[in-house]
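Structure first, commentary second.
All of the numbers you see were taken from the coordinates with simple rules; none came from a lab. Model, not experiment: these values are computed from the prediction. Cβ placement follows ideal geometry from the backbone for every residue including glycine, while neighbour counts extend to all protein chains displayed.
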Amino acid sequence: MSRTGQPSTRDVEATVRAVEILDALADGGELGTTDVSRRTGISPSTVSRQLGTLTRAGLVEHVTATGRYRIGVRTLRYANAVLGRLNVRDLARPRLEQLVEEVGEAATLGIPGDGDAITVDFVPSDRYLQGVTRLGRPSVGHASSAGKVMLAFGDVSLPRGRLTAYTPKTIVDPGSLAEEIERVRVAGYAEAVEEREVGLSAVAAPVWDATGALAAIVALQGPTSRFDRAAIDAALPLLLACAEHISRQLGWNG
């Protein structure tokens, strides 16, 4: 027995084969014994015994109508246990830091709130303007890129009535906002140029959880004089890649 507190480096072959079989079922859907054997290289007799054991354990289900096997519902217990302990802020932080290094502008992480998105993490750039962002600050739904992402993809309703104007460019008409949110849904990201603060431009993208629901929002922001149309266009692929990476870490499969 190891006394180091570290996992043993010796594999249990039966366990290795069981994992390979579960992987094959996860990738292939419903498979017969021969299908699993062909995909894993494990003999059909061994596959049959493993499937029997895994079925009795609830990790695999036998489909009586077809004679095939598929992943069992018990695996959801383990998946939920892992997903439940994943902290989106901890997962996102390294990617936010990389994004700031690549783009040269500040990055934020927000989570959906009740009407607004709430900033829960912030990585400044070397050129960060003090006071633009702080933790806990709401990203107003109709006037910020993160807020628009929340309205487009979150479980919230569009605000009604005339909206608060923060700058001359803020969208204040509900009909115009509805059109803007539809554009965000189609594009998969949102922009806000001097809509919340004069001289500030931002672009944001959604982060998805394992169920495909909105888990968080990644945004980039900087002074409009520097983070202009060309700069936003150049940064957008990096932002979308960052959001997708975090989503996959949360269990999203696209």
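Values for this structure:
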item	result
Shape of the range 86-249, Cα gyration tensor, a/c cut at 1.5	oblate
Label-reachable residues, the range 34-69, where backbone N falls under 12 Å from a point 7 Å from Asn253's Cα toward its Cβ	none
Mean Cβ count within 10 Å, highest first, over the residues of peptides 148-157, 183-192, 57-66	148-157, 183-192, 57-66
Cβ charges +1 (Lys, Arg) and -1 (Asp, Glu), total dipole of the range 148-209, debye	120
Helix 174-187 vs. the chain, principal-axis angle (Cα, 0 to 90°, nearest 10)	40
Rounded to 10°, Cα long-axis angle of helix 74-85 versus longest principal axis of the chain	40
Relative packing of peptides 215-225, 158-168 - highest average C-beta neighbours within 10 Å first	215-225, 158-168
Ranked Ile246, Ile71, criterion: other C-beta atoms within 10 Å, fewest first	Ile71, Ile246
Helix axis angle, 13-28 relative to the chain longest principal axis, alpha carbon, degrees	50
Exposure proxy ranking, count of Cβ atoms within 10 Å, fewest first, for Leu236, Leu31	Leu236, Leu31
Given charges at beta-carbon only (K, R positive; D, E negative), |dipole| of the chain in Debye	940
Potential lengthening between Ala234 and Val172 on full extension [0.36 nm per residue; Cα-Cα distance subtracted]	19.4 nm
Signed unit charges on C-beta, dipole axis of the chain, positive-most listed residue Ala152, Thr53, Gly104	Thr53
For Tyr69, distant residues with modelled amide H under 5 Å away	Leu31, Gly32, Val63
